[in-house]
Amino acid sequence: MMESETRSESIYSGGKTSYSETIGTERIYAGFWIRCGATLLDWLCLQAVFVMFHLTFGYSLLEPPLGLTLIQSLVSLVYYVVMTVIFGQTLGKMATGIKVIRNDGSPNTWGIIILRELIGKFVSSLILFVGYMMAGWDGKKRALHDRMFATRVVKVNK
């Protein structure tokens, strides 16, 4: 069964000034499995870049230096934040046709998305990733980090 919600205000479509979805738009929430698939695609993209970097510069794939691991973590965080603020989507979300929006339809902001990606997802991963699994049983398909920072993941109307 698909959960949806009809909105009467504009819904932010990504970018800094673009509002392409307008009055009467229906939100169809993205559930746990499609979100999981998007995350897997993002992970594969990032790992492909990291493996190429390791092979190019002769670093071990199994035992990389701590500094390189920290840099990769920072690159991953920057990827998620920048893509989500600018486009509302990472590459994985684009491929699966979902995007992150604010509950009230306002634009994704740097502060909210940084907090969502850094603190919210850390908290969601505590206690066996139950915060992520919440999207599977929540009526509006919200993970803990969505609840914490007033965001939703919705299917994109194409």
Exercise for the section: Mind jotting down the distance between the C-alpha centroids of the range 40-61 and the range 95-119, whole Å? Expected result: 26 Å
Completion exercise
Non-local residues with an amide H under 5 Å from the amide H of ILE98, with H modelled 1.01 Å from N and Pro and chain starts lacking one, are VAL156
Practice task
Sort ILE98, ILE112, ILE127 so that the residue with the fewest other Cβ atoms within 10 Å of its own Cβ comes first and the one with the most comes last.
Solution key: ILE127, ILE112, ILE98
Exercise for the section: Report the full-extension gain for the segment CYS45 to LEU115: residue separation times 0.36 nm, less the Cα-Cα distance, to one decimal in nm. Expected result: 22.9 nm
Problem - Integer Hz, Karplus 6.51/-1.76/1.60 couplings in order for the range 50-62, x for Gly and Pro - result: 5, 5, 4, 4, 4, 5, 5, 9, x, 7, 5, 6, 8
Handout entry: Nonlocal amide H pairs with ARG27, under 5 Å, H built at 1.01 Å
Key = GLU5, THR6, ARG7
Practice task
Pull out the extension gain between LEU55 and ILE28, defined as 0.36 nm times the separation in residues minus the alpha carbon to alpha carbon distance; nm, one decimal.
Solution key: 5.5 nm
Problem - Order of LEU74, LEU115 - criterion: other Cβ atoms within 10 Å of each residue's Cβ, fewest first - result: LEU74, LEU115
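Relative contact order of the range 78-158, please, whole-number percent, based on alpha carbon pairs below 8 angstrom and at least 6 residues apart.
Working: 99 pairs, mean separation 25.6, N = 81.
Worked out over the range 78-158, it gives 32 percent.
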Fill in the blank from the handout: For the range 4-155 the mean separation of alpha carbon contacts under 8 Å (6+ apart) over residue count, i.e. relative contact order in percent, is 29 percent
Problem - Karplus-derived 3J(HN,Hα), 6.51/-1.76/1.60, for each residue of the range 143-155, Hz, glycine and proline x - result: 7, 4, 5, 5, 5, 5, 10, 6, 10, 9, 10, 10, 6
Completion exercise
Final fewest-first order of PHE32, PHE122 on the 10 Å Cβ neighbour count is PHE122, PHE32
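Every number here is computed from the coordinates shown, using simple stated rules; none is lab data. Quick caveat: nothing in here was measured; it's all calculated off a predicted structure. When we count neighbours, we look across all protein chains shown, and the Cβ atoms used for this are built from the backbone with ideal geometry, even at glycine.
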